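None of the figures in this text is laboratory data; all of them are computed from the coordinates on show. Since we're looking at a predicted model, the values are computed, not measured. A quick note on method: Cβ atoms are made from the backbone with ideal geometry, for glycine too, and the neighbour counts reach across all protein chains shown.
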Amino acid sequence: MDNKEIIAERTQLKPQGWVNAHADYLYAYTITRVNNEEQARDLVQETFLAALEGMHKFEGKSSERTWLTAILRNKIIDTYRKKTKGLKTLSINDAYAGETEFFWNEEGHWHQEHWPAHFGIDHIDPLAAKEFNHILQKCMQKLPALWLSVFTMKHMDDETTDTVCAELKITASNFWVIIHRAKLNMRACLQKNWM
């Protein structure tokens, strides 16, 4: 196969169909990461605009949806950066502040009353999954902006620790403190509201 045939097989952009073909998918992708309907709609619109302006950069090596999602992902990361800019980061000395309510000081084990409880999700029930996702989103909204950004990038977008640290301009030590505290808060919130 020569270069002309490869180029001919590449995906061609069809911007006139983007809204019908991709808007719902991009919105669903965004709302789980920013937890704000208006902001999610704005980010999808900004993605379409940026894609129109950058059509000449599209190489055709991926599908339209993959390309649009990559643009959207970068816009979401920019949103995280804006939310976290100027926020105070945690020092390592503060890493274990407030955790004595969950752990024994000497051994680092959970206090019995704080043992993780069974969530009761033994089978997939679409209604229960929808309810759980709603509660998960509400719990995520309660996290501070920096914690939400770190938690979302790490556990929803499966970014590496190095990528999260570089994108949000935090140290690895700070990352681990934040992710630990975010998990504790999420666990407590889910246990309170889901069980």
>> Need one word for the stretch 3-84: rounded, prolate or oblate. Basis is the Cα gyration tensor (sqrt eigenvalues a ≥ b ≥ c); a/c below 1.5 gives rounded, then a/b vs b/c decides.
In response: prolate
> What is the Cα centroid distance between the stretch 15-50 and the stretch 143-166, reported in whole angstrom?
Replying inline: 20
>> Give me the dipole magnitude in Debye, nearest 20, for the stretch 3-84 about the Cα centre, with unit charges on the beta carbon: positive for Lys and Arg, negative for Asp and Glu.
In response: 260
> Quick one: length gained pulling GLN137 to ARG41 fully straight, 0.36 nm per residue minus the C-alpha distance?
Replying inline: 32.9 nm
> Sorted by packing (mean other beta-carbon atoms within 10 Å per residue), highest first, where do 41-49, 153-161 land?
Replying inline: 41-49, 153-161
>> Give me the one-decimal nm value for the distance between modelled label points at LYS85 and ALA172, 7 Å along each residue's Cα-to-Cβ direction.
In response: 2.8
> Which value in nm describes the separation of the simple spin-label points at THR163 and SER63, placed 7 Å from the Cα toward the beta carbon?
Replying inline: 1.9
> Looking at this model, which pairs from LYS57/LYS154; LYS83/LYS142; LYS85/LYS138; LYS75/LYS138; LYS14/LYS61 are more than 18 angstrom apart at the alpha-carbon?
Replying inline: LYS57/LYS154; LYS85/LYS138; LYS75/LYS138
> What is the set of long-range amide H partners of SER62 at a cut-off below 5 Å, with H atoms built 1.01 Å from backbone N?
Replying inline: THR11
